[in-house]
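A.B. asks: The structure under discussion is supplied below as structure tokens; questions concerning it will follow.
The values are calculated or read from the model by the stated rules, or taken from the named source; none is laboratory data. Remember, predicted model here, so these are calculated numbers, not experimental data. So basically every Cβ, Gly included, is an ideal-geometry build from the backbone, and we count neighbours across all protein chains shown.
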Amino acid sequence: MQSHFIKWSVKETSPEKLIVRLTTFFQHMNKLITLVLMILSVYSCSNDQETTIPDENIGILFIGNSLTYFNDLPILVRDRVEAQGKEITVKMVAYPNYAIVDHWADGEVQQLISSKNYDYVIIQQGPSSQSEGRQMLIESGKLYSDLCEQNDAKLCYFMVWPSISNYGTFDGVIINHTDAAAMNNSILLPVGEVWKAYIDNTNNLDYYGPDGFHPSVKGSEVAAEVIVEHLFN
């Protein structure tokens, strides 16, 4: 291999030739230094990129009652998201007859939200077509919204449905959830609205389970589709 270093004898070289050879030597050295700096720059950029790659795993916290845990809605959502090639972690905190104010009083959900493990926090309670339910959605929802904002999560309202026997209150369910989500700068998941449109158009009640209130498997699957559509599509 030909060496880039130049050998000469000072005694045998005239001043003019010495200057030429020195100039050539320093040109080679400059190229070498430039190459080293370029390598170091590429290595540094590579390290920076590795440390700033975001975690692509999506975390969703479900907070609700039996309308959420019937047919394991969080798992239905997870399966649909994973089918899109995304990574997702779901957790559910749901107890019979609980409203969002009950969960807040227990204190568990505040710890979970504050863990910063969740990108979305989905809250759900009963139909809430009356004034008391509306107040809970708005006022208690504000507590959730503020805490989510402090912990880099987005609050979502899971709009549910009334029982078949109270079907006439459906408009109140839709209005109160829509208003609460807007007032608290949250995402509305209009499952109930989709249910109502289907039932009104088909006169088919197969989204309801045998008790006329809890969802059938088909009803929960529709709920999962609506949630995934509004969060990921």
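Each row is one residue, and each column tells you yes or no for (1) surrounded by fewer than 18 Cβ atoms within 10 Å (Cβ to Cβ); (2) at pLDDT below 95; (3) more than 26 Å from Ser131 (Cα to Cα).
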{"residue": "Asn176", "(1), (2), (3)": "no, no, no"}
{"residue": "Ala180", "(1), (2), (3)": "no, no, no"}
{"residue": "Glu193", "(1), (2), (3)": "no, no, no"}
{"residue": "Asp211", "(1), (2), (3)": "yes, no, no"}
{"residue": "Glu225", "(1), (2), (3)": "yes, no, yes"}
{"residue": "Val228", "(1), (2), (3)": "no, no, yes"}
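A.B. asks: Which one is nearest to Ser163 (Cα to Cα) among residues in the range 55-74 that are within 11 Å of the chain's Cα centre (by Cα) and modelled with pLDDT of 95 or more?
C.D. replies: Leu61
A.B. asks: Just to be sure before I move on: is Leu155 in contact with a Cys (Cβ under 9 Å, 6 or more places away or on another chain), assigned by TED's automatic domain parsing to the domain that holds Val77, without any contact (Cβ under 8 Å) to a residue 60 or more places away in the chain and hydrophobic (A, V, I, L, M, F, W, C) in the structure I sent? Working first, answer last.
C.D. replies: Numbers: in contact with a Cys (Cβ under 9 Å, 6 or more places away or on another chain): yes; assigned by TED's automatic domain parsing to the domain that holds Val77: yes; without any contact (Cβ under 8 Å) to a residue 60 or more places away in the chain: yes; hydrophobic (A, V, I, L, M, F, W, C): yes.
Judged against the criteria, Leu155 is a match.
A.B. asks: Which numbered condition in (1) touching a Phe, Trp or Tyr at 6+ places or on another chain (Cβ under 8 Å); (2) closer than 29 Å to Ser216 by Cβ is the only one that Val160 fails?
C.D. replies: Condition (1) is where Val160 drops out.
A.B. asks: Same structure again: Is at least one residue of the range 58-75 over 24 Å from Thr178 (Cα atoms), surrounded by 18 or more Cβ atoms within 10 Å (Cβ to Cβ) and touching a helix residue (DSSP H, G or I) at 6+ places or on another chain (Cβ under 7 Å)?
C.D. replies: Yes, that holds for at least one residue.
A.B. asks: Here is a follow-up. Please identify the pairs in which a residue from the range 75-92 that is closer than 23 Å to Ile113 by Cα has its Cβ atom under 7 Å from the Cβ atom of a residue that is part of a loop (DSSP other than H, G, I, E, B) and among the acidic types (Asp, Glu), counting only partners at least 6 apart or on another chain.
C.D. replies: As it stands, the answer is Glu87/Glu56, since those pairs meet every condition given.
A.B. asks: Tally the residues that are of a type in the set (Gly, Ala, Ser) and outside any helix (DSSP H, G or I), restricting the search to the range 188-225. Can you show your working first?
C.D. replies: Initially, the range 188-225 is screened for residues of a type in the set (Gly, Ala, Ser), giving 192, 197, 209, 212, 216, 219-220, 223-224.
Checking which are outside any helix (DSSP H, G or I) leaves us with 209, 212, 216.
Counting residues in the range 188-225 that are of a type in the set (Gly, Ala, Ser) and outside any helix (DSSP H, G or I) gives 3.
A.B. asks: Take the residues in the range 75-132 that are part of a helix (DSSP H, G or I) and polar (S, T, N, Q); name whichever of them is nearest to the chain's Cα centre (by Cα).
C.D. replies: If we take residues in the range 75-132 being part of a helix (DSSP H, G or I) and polar (S, T, N, Q), then Ser114 is nearest to the chain's Cα centre (by Cα).
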